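Following: one structure in C-alpha cells, then a few remarks.
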Amino acid sequence: MENELRNRRGLPVDERQSAAELDAVLQHHHNLQEKLADDMLNLARNLKNNTLAAQNIIRQDNQTLNQSMRQADLNFEKLKTESERLEQHTKKSVNWLLWLMLILVSFTFISMILFIRIFPRLR
C-alpha cells in the first residue's frame with residue numbers, strides 16, 4: 001500500500017525538476033531555431049532584393065551601352081561622309097591651286113623676259 005501511495009503522488013521532486021529544466025532547454029533551443037530561421041529568411045529576402053536591383057542596373061547599363069554604340073555608329077558614318085566631302089574639296093582646291101601657281105609662274109617668266117628686252121643692260 002505504501003508503494004501505491006508513492007505512485008499516486010506522481011513523479012519525485014528531482015524528476016519533476018529535471019523535466020522542467022529539460023523543457024526550458026528545449027524551449028530555448030526552439031526559440032533559437034526560430035530566430036535563426038527568421039534571420040535566414042530576412043537574409044534570403046535581402047539577397048533577392050539586391051539581386052533584382054543589380055539585374056535592373058545591369059539592364060539599364062546594357063540599354064545605355066546599346067544607345068551609345070548606335071550613336072557611335074551614326075557618328076562614324078557621318079565622319080566618313082564628311083571625310084569624303086573634305087577629300088573631294090581638297091582635290092578641287094589643289095587642282096585650282098596648281099593652275100593658279102602655273103599661271104603665276106608663267107606670268108613671272110614672261111614679265112622677266114619683257115623686262116630684260118625693254119631695259120637692256122647698261123654699260
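Throughout, read-outs are computed from the coordinates displayed, never taken from laboratory work. This structure is a prediction, so every number in the text was calculated from the model and none was measured. Here the Cβ is made from the backbone with ideal geometry for all residues, glycine too, and neighbour counts use every protein chain on show.
Simple spin-label estimate for residue 33 and residue 118 gives 12.2 nm between the two label positions (7 Å along the Cα-to-Cβ direction from each Cα). Listed by chain and number, the aspartates and glutamates placed with their C-alpha closer than 19 angstrom to that of residue 35 are 23; residues fewer than eight positions away on the same chain are left out. Which of the lysines could a cross-linker bridge to residue 78, judged by Cα under 25 Å and excluding same-chain residues fewer than eight apart? Partners within reach: 91, 92. Angle between the Cα long axis of helix 13-118 and the longest principal axis of the chain, 0 to 90 degrees, nearest 10? The angle comes out at about 0 degrees.
For region 2-118, the C-alpha radius of gyration sits at 3.65 times the compact-globule guess of 2.2 N^0.38 Å, with N the residue count.
Note on region 69-118: percent of Cα-Cα distances in each 10 Å bin, starting at 0 and stopping at the bin with the largest distance, equals 23, 23, 18, 15, 11, 7, 3, 0.
When the chain is described by a simple charge dipole with +1 on each Lys and Arg Cβ and -1 on each Asp and Glu Cβ, the residue from 71, 118, 52 located farthest towards its positive end is 118.
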